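Quick notes on the structure that follows.
Coordinate-derived values only; no laboratory data. Treat the numbers as computed from the prediction; the structure is a model and nothing was measured. Here the Cβ positions follow ideal geometry from the backbone for every residue, glycine too, while neighbour counts run over all protein chains shown.
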Amino acid sequence: MTRIKGGILHAKRRRNILKFTKGYRWGRKSKIKLAKVAKMRAGAYAYADRRVKKRQRRRLFQVRLNAGARKYGLSYSRLLGALKAKGIVLNRKILAELALNHPTIFAQVVEYVK
């Protein structure tokens, strides 16, 4: 029986890794050892930053809400406490959108909970 070497599989694996690292700088786009490390690191950062993005968005919503609420003499925490007490179920994203782009509607919401 003839011996089968792994040339085709090796080339396919190499091609796929280098396809992923296309556009990277220096040897990470062309040298397989450097490309493997770069691909693993990129994946790790991407995974972590998908979670960081959610945190940063929530912080942005909180800042926008606080700024919007201060115009009407409330703080962020008092506004959310009042919303909860009145039973208004609007999340921070929607409230921040209202405060930023629809100030009249946001003012109505604030006046209702005051």
From the set of residues in segment 1-19 that are among the charged types (D, E, K, R) and over 24 Å from residue 37 (Cβ atoms), which is surrounded by the most Cβ atoms within 10 Å (Cβ to Cβ)? 5
So how many residues does segment 63-111 have that are assigned to a loop (DSSP other than H, G, I, E, B), surrounded by fewer than 19 Cβ atoms within 10 Å (Cβ to Cβ) and not aromatic (Phe, Trp, Tyr)? 9
Considering every residue within segment 42-52, establish whether at least one is surrounded by 14 or more Cβ atoms within 10 Å (Cβ to Cβ), of a type in the set (A, V, I, L, M), part of a helix (DSSP H, G or I) and in contact with a helix residue (DSSP H, G or I) (Cβ under 7 Å, 6 or more places away or on another chain). no
May I ask you to list pairs of residues, at least six apart or on different chains, whose Cβ atoms are under 6 Å apart, with the first in segment 55-76 being over 15 Å from residue 109 (Cα atoms) and the second being surrounded by fewer than 13 Cβ atoms within 10 Å (Cβ to Cβ)? none
